1. Looking at (1) polar (S, T, N, Q); (2) in contact with a Phe, Trp or Tyr (Cβ under 9 Å, 6 or more places away or on another chain); (3) surrounded by 19 or more Cβ atoms within 10 Å (Cβ to Cβ), which one does residue 336 not meet, given that it meets all the others?
2. Name the residues in the range 269-294 that are over 20 Å from residue 179 (Cβ atoms) and basic (Lys, Arg), would you?
3. Taking the options 18, 35, 8, name whichever one is closer than 24 Å to residue 140 by Cβ and either at pLDDT below 55 or not polar (S, T, N, Q) (or both).
4. What residue, among those in the range 50-81 that are over 18 Å from residue 136 (Cβ atoms) and without any contact (Cβ under 8 Å) to a residue 40 or more places away in the chain, is farthest from the chain's Cα centre (by Cα)?
5. What's the number of the condition residue 327 fails, among (1) out of contact with any helix residue (DSSP H, G or I) (no Cβ under 9 Å at 6 or more places or on another chain); (2) part of a helix (DSSP H, G or I)?
6. So residue 288 ticks every box in (1) among the hydrophobic types (A, V, I, L, M, F, W, C); (2) more than 21 Å from residue 167 (Cα to Cα); (3) touching a residue at least 40 places away in the same chain (Cβ under 8 Å) but one. Which box is left unticked?
7. Which ones in the range 177-198 are without any contact (Cβ under 8 Å) to a residue 60 or more places away in the chain and of a type outside the set (Ser, Thr, Tyr)?
8. Residues of the range 54-68 being more than 15 Å from residue 115 (Cα to Cα) and in a helix (DSSP H, G or I), which ones?
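The values are calculated or read from the model by the stated rules, or taken from the named source; none is laboratory data. Remember, predicted model here, so these are calculated numbers, not experimental data. Cβ: placed from backbone, ideal geometry, glycine included. Neighbour counts: every protein chain shown.
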Amino acid sequence: MNQNTAPAVPTVSRKADAIADLGSVYGLVQNEFRAVNQLIPEQLSSDVAMVEDIGNYIVESGGKRLRPLMVLLSSQALGYSGDKHVPLATIIEFLHTATLLHDDVVDHSGLRRGKPTANQKWGNAPSVLVGDFLYSRAFQLMVELGSLDIMAVLARATNTIAEGEVMQLANLGNCDLNETAYREVIRCKTALLFEAASHTGALLACQGNAAICEERIEAMRLFGLHFGMAYQLLDDWLDYRGDSKSMGKNVGDDLAEGKLTLPLIHALQNAATDDKAGVRDAIENKTVAALPSILRIVDKCGGLDYTRACAKKEIETALQCLEQIPDNDYRAALVQLSHYSLSRLG
């Protein structure tokens, strides 16, 4: 491998071309993405009608499928030319979909991507069991890939994601949760699947010469990690600044569930004493009626600005990781994907 670093990637920008839609990114891998979209319903096939009904409902509910997209881009950015990135991308999508089904049950969510959740339509038990089906189908596909390195990454990620969900559940209503602990929760719960997507894509591209590609594999892994951290921080910001139509869920859902996210953690550390007491009461009692007051407090003490700055810093770090990746159209697409993610801040 040429040890010279690739040309530097563009820094974060607010220019119109930097936050344009993702059409050109998807267009770069349109054939592979089409193959993924064909493989998903094939792998959802089951003799149990409810499995197919719920599985198809959630995978067709309008998500951008950023995680499978990251598999396709990361593998080809490192020169992969086979066809195993298609089932790998499908695996990542199934793992993500399974977590969504379980999350919505745990969170008692009624709305996702602007549509009723599966548990709202079919009930909790079918949603959990279909989530289990998706996990098991994903692992069947992993076996067919025939890579112990990739299976090890995905098995570890799946386990850690489950731990992250339990960590979040254990901290509901915990007003003493600090930023360091919260970042560990979102690393496990959200960022890790983005990390696994880019990491396994890189491993797939470097099969047979992983030692030679070690630096680039690590750079791609870290790119996914920091992208995923930014993605969750942006969600944190949107929950107190967005609207139901753009988010596909209800504003203030985190507060209603007693979840401490970064805007609230910042408020508890920096707001005036009386305001801190108000925030603490709303969190401990899951008082969604207090949302207007909490929005005012979070904004006044700089919680939204701080969360926004943290998300931007994570994207900047992700872009720095791409400096180790060869300069090609797929790396440029990952840059564009990063800018698009940040454009959610408006």
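1. (2)
2. Selection gives 286 alone.
3. Details: 18 fails: closer than 24 Å to residue 140 by Cβ; 8 fails: closer than 24 Å to residue 140 by Cβ.
Every option except 35 fails the conditions.
4. Start the filter on the range 50-81 by keeping residues that are over 18 Å from residue 136 (Cβ atoms), which leaves 57, 60-81.
If we keep only those that are without any contact (Cβ under 8 Å) to a residue 40 or more places away in the chain as well, we get 60, 65, 81.
Details: 60: 17, 65: 10, 81: 26 Å.
In this case the residue turns out to be 81.
5. Going through (1) out of contact with any helix residue (DSSP H, G or I) (no Cβ under 9 Å at 6 or more places or on another chain); (2) part of a helix (DSSP H, G or I) one by one, residue 327 breaks only (2).
6. So the condition that residue 288 fails would be (3).
7. In the first step, residues of the range 177-198 are kept if they are without any contact (Cβ under 8 Å) to a residue 60 or more places away in the chain; the result is 180-181, 183-192, 195.
Residues satisfying the conditions are 181, 183, 184, 185, 186, 187, 188, 189, 191, 192, 195.
8. 66, 67, 68
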